[in-house]
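> Got a structure for you, questions after.
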Amino acid sequence: MSAMVVKNFGVQYEEKDKKYFEARTLTHSNLGPWQMFSVTFVCLASGLGCGWWGNTSANGWGSMITATAIMSIWQISVAVILSELMTMLPFIGGLATYTRAAFGPYVGYMIGQCELAEYTIFLAGNLNGLASSLNLLAGWNQKFIPIWWFIIMTFCFGVQVVKNKIFFMCFAFLCFCGITIVLAFTLPQISVVNSGKWAQRDFFDEMFNGNSTIAAVPYNQMDAMFPLGFAGIIHSIPYMMGDFQGLEIIPLMAEESANFIRDGPKAMFGTSFLFITLYWLLVLVVPSVPPGLFVEMEYWYPMINTFSGYIGLDEESSSFFAMENWVTAVYQASTTLSLFYAFSRLCFAVKEINLYLFNSLNFFSSRVLALFLSAGCTELKCRGTRCLGVLPVWLFDGSLFHSYSYFEPSVGGSLADITSALGPAGFLYLTLMYGSTAISFLYLRYKFPDFKRPIKSMFGIPCAVVVLAVCGFTFVSILLNPDHNVAVAIVAGKLVIGLIHMWFHR
C-alpha cells in the first residue's frame, strides 16, 4: 500500500495498490443473464401482484392508462441510461456509484443512504405483508406475526449460506410462478373488458358519495375515465413509480456475473419489457371490477378480484380467501427474497456504515461473510467487512416501523401516521436516487465524452432527460401534497442524520 495521500472534494484518500483491490473484490461467479433477470423480475413482480392498485385505480381508468404510459417510457429510459453507466463502471455499489463518480463522495454517500433507506422500507413492508399472509393462511392469532418474521429471515439467510444454488433456484421458481399467475388470470378476461362500466352512474355514486340512491347526473365516458381530471394523473404517478422501480438491482450483480458487460444489458431490457407487458395486461382488465369495489376494499388486486368476478367466485368464500392470500404471498415472497439479496450487496458496497448503535452485532468473521455473499461455491476474497453485522440492524429498524401496523389497534394515532407515511417516503427516496443518476449520466457524458462506454445509445441523453423530468415532477407533487408531510419529514430527517454522520467520518 502506498502512503501517498490524495485530497479531493474535501475528503482525504489513501492511494492503494493492486493487492488492496483484489482483496475486496467479489469473486466472479457464473451468474448469467437468466439469473440476473430472475432476481430483478421477482423484485418488480411485487408491482404486479401486490402493488398500489387501490391508490392508482381510484383516480379513474384513464388516469391509470396515462400514468402507466408515462412510467413505461420512464422505465425503458432508466434501462437505457443504466445499461451505459453500469457497463462503463461495472462495480458493485448501486446507483450511488455513478453519483460518486460524477460529484464526489459527499453526494454519492447521500444517495447511498437513500438507497439503503428505500430498501429498508420496501423490504420491511413486503416482509410484514408476507408474514401477515402466511399467518392468515395458518389461521394463527395476529400476535404470532413476529414468529413468521423470524421464519422468513431464517430461510433467507439459510438458503444463501448453506446452499447458494438453492437460493438462485428459488428466484427461478418464483419468477416462473409470478409470470404464470399473471397470464392465467388476465388473458381470459381480455375479451370481456367493458370500460363502459366506469361510466355507470350507480358505480360512481357509490364510489364518491357512498350512496347509490342519490340522484345525480350520469357520468359520460370521459368523466368516468378521468373523474379527478389532471389531478388524478398526478396522484397516480408516485404510487406507480413504486411499482416500476427495481432495475437498479442489476448493477449490484456486476462483480458476480460471468460476463456482466454482455449479460447485464440483456437482463436489464428483458426484465423491463416483460414487466411492462404484464403490467399493461393488468391495467386492461381493471374495467372488469365489480361496481363499488373501491368503497368496500382499501387494498385490491386486479388479477385476483377481477378474475374472481370473471369465474363467479364469491368474495366472501373460503376459496377466494385462500386464492387471495396465496397469490399475494407468492409476490411478497418474491420481492422479499430479491430485496434481501440487493440489500446484502449494497451493504457490502458501503461496509463502513455504523450509523446505528448496535455495533456489537458486527461479530461475523470474514469466512462467514464469504460464504454468505459468494454467488458460487468458492470463497469470497474480502477482509474486514462488516456488512453482515449491519444487515440485521437495518432489517430490524425497518421492521420496527412496519410493526406499528401490528400494534395499531392499541396505539393508533401518530404511530399509524408514521406507518402510512413510509410508502410515500420510499417514493421520495426513489426520486432522489433515479434523479441523481440521470444528472450523473448527463454530467459524465459532458465531462468525460471519450471515456470507454461498451454500451452507448444515441437515445441516452433524451432518456436521461425523461427520467429526470418524471422524478422531478413526482418529487414536487409529493412535497406539495399536505397528506405527505410526515413522509417529507422522515426523508429530511434521515438525510440530515446522514450528513452529520458523513461529516464526522469523512
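> For region 71-91, name all the residues that are open to solvent by 10 Å² or more (accessible area, probe 1.4 Å) and modelled with pLDDT under 95.
Met88, Leu89, Pro90, Phe91
> Of all helices (runs of 4 or more DSSP H) completely enclosed by region 379-485, which ones contain at least 3 residues that are among the aromatic types (Phe, Trp, Tyr) and modelled with pLDDT of 55 or more?
Of the helices (runs of 4 or more DSSP H) lying wholly inside region 379-485, those with at least 3 residues that are among the aromatic types (Phe, Trp, Tyr) and modelled with pLDDT of 55 or more span 413-447.
> Which pairs turn up if I take residues in region 40-69 that are open to solvent by less than 20 Å² (accessible area, probe 1.4 Å) and look for partners that are outside any helix (DSSP H, G or I) and among the aliphatic types (A, V, I, L, M) with beta carbon separation below 6 Å, at least 6 apart in sequence or on another chain?
Cβ pairs passing all conditions: Asn59/Leu228.
> Would you be able to say whether some residue in region 25-34 is at pLDDT 85 or above and either open to solvent by 40 Å² or more (accessible area, probe 1.4 Å) or of a type in the set (D, E, K, R) (or both)?
Yes, region 25-34 contains a residue that is at pLDDT 85 or above and either open to solvent by 40 Å² or more (accessible area, probe 1.4 Å) or of a type in the set (D, E, K, R) (or both).
> Now a separate question. Could you list, in sequence order, the residues of region 328-340 that are buried (at least 24 other Cβ atoms within 10 Å of the Cβ), of a type in the set (Ser, Thr, Tyr) and more than 12 Å from the chain's Cα centre (by Cα)?
Tyr331
The values are calculated or read from the model by the stated rules, or taken from the named source; none is laboratory data. Model, not experiment: these values are computed from the prediction. Reconstructed Cβ throughout: ideal geometry from the backbone, glycine too, with neighbour counts over all protein chains shown. The accessibility values were calculated without ligands, DNA or RNA, using every heavy atom of the protein model including side chains. Shrake-Rupley method; radii C 1.70, N 1.55, O 1.52, S 1.80 Å.
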